[in-house]
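In what follows, a structure is listed as structure tokens, so that the remarks can point back to it.
The values are calculated or read from the model by the stated rules, or taken from the named source; none is laboratory data. For clarity, every value in this text was computed on a predicted model and none was experimentally measured. Virtual Cβ from ideal backbone geometry, glycine too; neighbours counted across all protein chains shown. Surface accessibility is based on the protein's heavy atoms, side chains included, excluding ligands, DNA and RNA. Shrake-Rupley method; radii C 1.70, N 1.55, O 1.52, S 1.80 Å.
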Amino acid sequence: MRLESPTTLAPPPTLAPGSATLRAQFPLLQQVIHGAPLAYLDNAATTAMPLEVMDALQAFETRHRANIHRGVHSLSQYATDDYEAARATLHQFVGASAEHELVFTSGTTESLNLVAQGLWAGGPDQAWLRAGDEIIVSGLEHHANLLPWQQAARQSGAVLRILRPDAQGRLHVADLQALLSPRTRVLALTASANATGERPPFEELLRMAAQAGALTVLDAAQAAAYAMPALAHIDCDLLAFSGHKMHGPMGIGVLVGRRSALERLEPLRLGGDMVAQVRWDGADYAELPARLEGGTPNVAGAVGLAAAARFIEQVGRDAIAAHVHALRAQAVQGLARIPGVRVLAAHATQSALVSFVAEQGHPHDIGTLLDARGIAVRTGHHCAQPLMDHLGLGPSTRASFAAYNTSDEVERLVAAVAHAVEVLR
Ligand code: PMP
């Protein structure tokens, strides 16, 4: 029996952010850790999954699980329909237009590796990147949007230039202007910095780079749950995000962008499902999106990710954004009052996370003391080591918020940090 595979997003908002009704959708949150109700504040790393997404996964696995595309039997066709319906839902979720194509990957990391490698791998005659070309990467990036570019630069002979943030961790358009040159081929940038919470003026930075003839790549991993930019309205050729950071399953993500940009990418997963004709001595690749989706994809993941997109629409992106911004503001205010605590990017308002260091107290010790009170935060370099070095910092403690977090949880966080700093003094 066919499951319903809606390709449209959900109807009007019904679940208020922070409400008990919304929280009830997330079994993960209903737990007690070390005798205290779990306050899950590690959403920048991974978000919790609502029942709706679990139901979609279970329905697919129970009734439609089969391999896609290759089968004539009914289940294979249902699974193919589910997969393509998920693609259509996500295409809509990112505000793509007819010129955009969407490819499923395992996550942001794979998407960005596919871009950086794919631009180079065609060989010197076809590659977008050649010796002497320039790649600009912002200094706010997660390692997933830096290391692939370091490798592509090494392999192609291109030069990697860093758009350096100022001492507060802000990016400036004038600095990009100064870096752009006729040899600039790529700008790779985040929509929201995972280590500090900085929200760069990415629309303008992308526009400037596009005008200079560069290919523009946006890492939307941290924006996906509440602030996904509308692709058709920004100068972005390729955009990447992960399912698990927007209440979807792990191991699924997206690379979406202009068809012309995706066509430049040499496929990296060669094998089944991505070919039109194969001979002993060569092959013609299939059209997009299949060309970049070699092998059996994570069909259940795609179905679950589409369900997560519908969930976000149901709650309402603007409502989620307002909610997480307010929680971040409350946390910044509370933490800044604790003696010896310094909040990073304290100026940032459009952010869902707060990252801080304490004069006394290593982040790992602070994180452990918070855990003892049932509060989950992340500590370390947040996979952005060059940025932390540039800011003159070591590791930090990071609390990050989602639609289900509450003002009470922020109060608990602030009280627990004050206590930890006191204990560690
Ligand atoms: N970019 C950013 C900004 C991130 O925050 C993360 C995850 N922390 C990634 C990329 C990598 O995402 P994933 O591990 O899902 O591939």
Those residues of segment 154-192 which are within 16 Å of the ligand (Cβ to nearest atom) and touching an Asp or Glu at 6+ places or on another chain (Cβ under 8 Å), in sequence order: 163, 165, 169, 171, 188, 189, 190, 191, 192
Criterion: modelled with pLDDT of 95 or more, open to solvent by less than 60 Å² (accessible area, probe 1.4 Å) and in a loop (DSSP other than H, G, I, E, B) - qualifying residue of 366, 338: 338
Test result for residue 234, without any contact (Cβ under 8 Å) to a residue 60 or more places away in the chain, among the β-branched types (Val, Ile, Thr), within 30 Å of residue 56 (Cβ to Cβ) and outside the structural domain of residue 347 (by TED's automatic domain parsing): yes
So residue 279, is it more than 28 Å from residue 41 (Cβ to Cβ) and either outside the structural domain of residue 153 (by TED's automatic domain parsing) or not polar (S, T, N, Q) (or both): yes
Test set (1) assigned to a helix (DSSP H, G or I); (2) touching a residue at least 60 places away in the same chain (Cβ under 8 Å) - residue 389 fails condition number: (2)
Residue within segment 414-425 that is in a helix (DSSP H, G or I), open to solvent by less than 20 Å² (accessible area, probe 1.4 Å) and touching a Phe, Trp or Tyr at 6+ places or on another chain (Cβ under 9 Å) present: yes
Hits in segment 169-184 (condition: among the charged types (D, E, K, R), outside any helix (DSSP H, G or I) and either without any contact (Cβ under 8 Å) to a residue 60 or more places away in the chain or not assigned by TED's automatic domain parsing to the domain that holds residue 211 (or both)): 183
Residue 350 being among the polar types (S, T, N, Q), over 21 Å from residue 100 (Cα atoms) and more than 16 Å from the ligand (Cβ to nearest atom): no
Spans of helices (runs of 4 or more DSSP H) in segment 52-167 with at least 2 residues without any contact (Cβ under 8 Å) to a residue 24 or more places away in the chain, open to solvent by 30 Å² or more (accessible area, probe 1.4 Å) and in the same structural domain as residue 260 (by TED's automatic domain parsing): 74-93, 147-156
Any strands (runs of 3 or more DSSP E) falling wholly within segment 229-324 and containing at least 2 residues that are at pLDDT 95 or above, more than 16 Å from the ligand (Cβ to nearest atom) and open to solvent by less than 10 Å² (accessible area, probe 1.4 Å): none
Selection from segment 269-284 of residues that are touching an Asp or Glu at 6+ places or on another chain (Cβ under 9 Å) and closer than 19 Å to residue 111 by Cα: 269, 273, 274
